[in-house]
Amino acid sequence: MNPYQLLPIYQADKANDGWQTADDRVMGGVSVAQLSERVVENSRCRCLTGAVSLENRGGFIQMKWEMPKPFDATAFSGIYLDVWGNNESYNVHVRTGQLWLPWQSFRQSFQATPTWQTQYLPFSAFENYKTWSQLDVSGITKVAIVAIGRAFQADVCVRGWGFYRV
């Protein structure tokens, strides 16, 4: 029995796909993100694949979900992800109205294993990146799955994500 209450935002078996890709080519890098729909272990999912390169001061690819309007998550404990991957470490980046510069975020890492698993990422464990602000979850504007910081081949799939409360 799941001890958490879930608010699903994306479920691969529903028609609610808002994923988009971005990569470091916007700043001169050479990493290339690809987004695809797949079936992995009998589950429909959206997958981020691509080579992360550190050339030309690059180093990231991402699949991002922009909220249609800022989302107040103060009633929730964190973000959950149903993920599968190639046994690499990935980040979840959260953006809020507190942040102005594109490289700012609140971040937390997770391991994407080659078995479906649900990751529960508490808001209290997100770290601020290139901002002095602390995460204020009353206005979440974007959530992204990011392959970042080292040269590697990314392959991470999401069959669902949303917010959870204990």
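Bear in mind these aren't lab numbers, they're just calculated from the coordinates by the rules spelled out. Computed from a prediction, not measured in an experiment: that's the story for all the values here. Because the Cβ atoms are built from the backbone with ideal geometry, glycine has one as well, and the counts that use them run over all protein chains shown.
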Checklist line | Stretchable slack from W103 to D17, in nm (0.36 nm times residue separation minus alpha-carbon distance) | finding: 28.5 nm
Check: Which one of G28, Y120, V52 has its Cα pushed farthest toward the positive end of the charge dipole of segment 18-160, where Lys and Arg give +1 and Asp and Glu give -1 at the Cβ?
Finding: G28
Next item on the list: First measure r as the distance between the Cβ atoms of S138 and L54, then evaluate 1/(1 + (r/R0)^6) with R0 = 45 Å and state the FRET efficiency to the nearest 0.05.
Entry: 0.80
Margin query: Suppose each label sits 7 Å from its Cα in the direction of the beta carbon; what would the Q111-V39 distance come out to in nanometres?
Written below: 3.0 nm
Note to self: Cross-link candidates for K69: which aspartates and glutamates have Cα within less than 18 Å, leaving aside residues fewer than 8 places away along the same chain?
What the structure shows: D17, D136
